[in-house]
Amino acid sequence: MKFTLPRGTRDILYPEIILWQQIEDTARRIFSVYNYREVRTPIFEETELFERSMGESSDVVQKQMLNLASQRVDADGKPLLSGFSLRPEGTAAVVRSYIQNNLYKKERISKFFYIGPMFRGERPQKGRLRQFHQIGVEVIGANTASPYLDAEVIALSVGLLKSFGLKMFKLKINTLGSSSDKNKFSGILRSLLEPKISLLCDDCQQRFDRNVFRVLDCKNKGCREVVNSLDIDYGYLSEGSIRYYEEVKTILKDLGIEFEESMSLVRGLDYYTHIVFEIASDSLGSQDALGAGGRYNNLVYELGGPQVDAVGFALGIERILLAGSYEENTITSHIDCFIISMQSVGLRQAFILLNELRSNGICCDLGYIGGSIKSQMRMANKAGARFVIIFGEEEVRNNEITVKDMNDSSQERISLSKVLQYLKEKL
Ligand code: AMP
């Protein structure tokens, strides 16, 4: 085999693809119930957009960006696509699009959803790919920093996971406070960590200067011990931030949504302020996050737009599938009718009938490659056919067909001209 797929990517084939389609269809249905509209942005954008939004010190920007550049040059002699990267996440592009299309002038509140591939230069392992897929939402608009909207997106993310059939997952929430609370907190954190810096892993020693919050959610055992020994409380939060957080929690309780509070939940990206949340599954091992999100009230402004508030989340489809441990052999697909014909006779009539049935919305297929009735019957079974139509020699001679009901194996002979009517009545 000369060509193989790139490391950290996957082909999604039948029958697994049926699960993907079910997840996407369910998500679209739920998004329309919640009145969110789909947005599709390019899969690559200016690298600087991601650097500015996620923060230059974030792990994704530091270690995982997949930059593009072609050998071809543009009219100015610069390599085509230099300065562009494959998108590692969805938020930055949605915000770019919101600003570029002046949506803040057109609507008070914009509620987006997206479904699509994201790309990160990760070391591939179970549940961690270089091309993976996210279902995400962003709610953006002036003066929309309402705890009810935080609760809405959290309820939406939990509702999606439940409707995908997942039961065993945990929602964790935290607040980072406003930007100035965050600044205060980073100062406090540095002073608490400074005496213990030598006990931190190499990554966290660098994070200490660049993005000290990340030390809190490092998975390294030594770092966990250091973090657990810290005496952290919410003293750095302003009254307004505390009130906001309390309101979100009260609304979640009103909705019967269970959650756990976790002060070490900080999210790795610079843009979050106030509420952050993560949903993890017990069944996933080290890559246990099904999805995550939070509020980001300053990002639109920082990317050149007006000062408007925003909140969003993203769920990973591959992780949802892993957590659901759906069994491939339980995935079934069905067609209404499979037509069997002997190559020597009847193929022409069979093909005409196939097209007539299809143009009347009946889902059907034909045993094009011929073979014995028995082998075509196996094809019909594999396709999950409800009815099988047989064009044998005798049937063709009499302008008839035999129709077999696969539910009870009963058979009858009917005139070719009545097939459509017959199937319409039975299906
Ligand atoms: P993040 O923006 O890193 O919080 O990602 C949101 C969600 O996307 C995660 O909770 C995962 O479900 C999924 N995800 C992120 N990175 C990957 C990856 N490399 N491979 C598979 N899924 C991922």
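The values are calculated or read from the model by the stated rules, or taken from the named source; none is laboratory data. Given the structure is predicted, the values throughout are model-derived calculations rather than measurements. Neighbour counts are summed over all protein chains in view; Cβ atoms, including those assigned to glycine, are modelled from backbone coordinates with ideal geometry.
Annotations
- Among (1) surrounded by 18 or more Cβ atoms within 10 Å (Cβ to Cβ); (2) within 14 Å of the ligand (Cβ to nearest atom) - the single one residue 117 does not satisfy: (1)
- Against the test of being under 27 Å from residue 320 (Cβ atoms) and surrounded by 18 or more Cβ atoms within 10 Å (Cβ to Cβ), the options 32, 85 yield a single qualifying residue, 85.
- Check on residue 266, in the same structural domain as residue 167 (by TED's automatic domain parsing), buried (at least 19 other Cβ atoms within 10 Å of the Cβ) and more than 23 Å from residue 58 (Cα to Cα): no
- Qualifying residues in segment 248-269 (those that are more than 24 Å from residue 216 (Cβ to Cβ) and of a type in the set (D, E, K, R)) - the one nearest to the ligand (Cβ to nearest atom): 253
- Taking the conditions (1) surrounded by 15 or more Cβ atoms within 10 Å (Cβ to Cβ); (2) at pLDDT 90 or above; (3) part of a helix (DSSP H, G or I); (4) not β-branched (Val, Ile, Thr) in turn, residue 177 satisfies each one other than (3).
- Matching residues in segment 379-408 - criterion: being exposed (fewer than 13 other Cβ atoms within 10 Å of the Cβ) and within 42 Å of the chain's Cα centre (by Cα): 381, 382, 407, 408
- Of all residues in segment 274-304 being more than 16 Å from the ligand (Cβ to nearest atom) and buried (at least 19 other Cβ atoms within 10 Å of the Cβ), the one that is farthest from residue 237 (Cα to Cα): 300
- Residue within segment 35-45 that is free of Cβ contacts under 8 Å to residues at least 40 places away in the same chain and either loosely packed, with under 14 Cβ neighbours inside 10 Å or in the same structural domain as residue 138 (by TED's automatic domain parsing) (or both) present: no
- Residues (buried (at least 21 other Cβ atoms within 10 Å of the Cβ) and modelled with pLDDT under 95) located in segment 120-141: none
This table checks each residue for (1) assigned by TED's automatic domain parsing to the domain that holds residue 270; (2) among the charged types (D, E, K, R); (3) not in a loop (DSSP other than H, G, I, E, B).
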position	(1), (2), (3)
53	yes, no, yes
62	yes, no, yes
77	yes, no, no
81	yes, no, no
93	yes, no, yes
96	yes, yes, yes
105	yes, yes, yes
118	yes, no, yes
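- Checked against (1) more than 20 Å from residue 129 (Cβ to Cβ); (2) under 23 Å from the mean Cα position of the chain (by Cα), residue 66 meets all criteria but (1).
Yes or no, residue by residue, for (1) closer than 17 Å to residue 112 by Cα; (2) polar (S, T, N, Q); (3) under 19 Å from the mean Cα position of the chain (by Cα):
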position	(1), (2), (3)
294	yes, no, yes
306	no, no, no
313	yes, no, yes
323	no, no, yes
